[in-house]
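Working notes, beginning with the structure itself.
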Amino acid sequence: MRDAVDDLIWDEAPKEPTAAVGVLDAPALVADALTLSDDVRVFCDDWRDAQQVDPALLVEHPEDLGGVTLALARLPKSLGALDEHAALVQGAQDVTYLGGARIRNMNRSMNEVLGKHFAAVSASLGRSKSRVLRAWGPEGAESDWPKVRSHEDLGFAVAAHGATFGEPRSIPARA
């Protein structure tokens, strides 16, 4: 279902055709993205969002978003998830990342996270209690996601992506 955040992201997006568009956690923007490119790649962390998208557009793994020239995203609440998203869309020299959210779910640290991966970051004016962060000029920073921690004593490793609560660790069971 489209809302004010989706509308603002789309209003901030460039309308000229582009080589490839990545859509992250914003299924309502897929139809709009298809007007800009024949190469639209969609990643939805939430399976309910993924059900709203044509399966042919869904990527198997978020790393398949690398090389898009425009990324349209709902900003995740987790800074780790934002860091992972920003790293994943690197690849094209002219990639632009547009991430929107309700203002109450945003914080200044998001600018710093995007600044680690892009040369320039700016914010749109607020509208309908929503805002978009724009980032461009990819820095090509290497991704350190997923975080992996080996548990030799248990004989396995735990991997965690940016949206994982906590860190890649096992929690001992209580007796």
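Worth a mention:
- In angstrom, the C-alpha Rg and Dmax of region 4-138 are 13.3, 36.
- The chain: relative contact order as a whole-number percent, Cα under 8 Å and 6+ apart: 19
- Taking every DSSP bridge with both residues inside the chain, close to 55 percent are antiparallel.
- Relative intensity, log₁₀ I(q)/I(0), of region 6-67 from a Debye sum that treats every alpha carbon as a point, q = 0.24 Å⁻¹: -1.03
- Sum of -39500 (n - 2.57) over DSSP H runs of 4+, divided by residues of the chain (222 nm, nearest 500): -5000 deg cm²/dmol
- Loop-located trypsin sites (Lys or Arg not before Pro) in region 61-123 (DSSP state not H, G, I, E or B) with no more than 12 neighbouring Cβ atoms inside 10 Å: Arg108.
- Note on Val95, Val59: ascending count of other Cβ atoms within 10 Å places them as Val59, Val95, the fewest first.
Every number here is computed from the coordinates shown, using simple stated rules; none is lab data. These numbers were taken from a predicted model, which means no experiment stands behind them. Neighbour counts run over all protein chains shown; Cβ positions are idealised from the backbone, glycine included.
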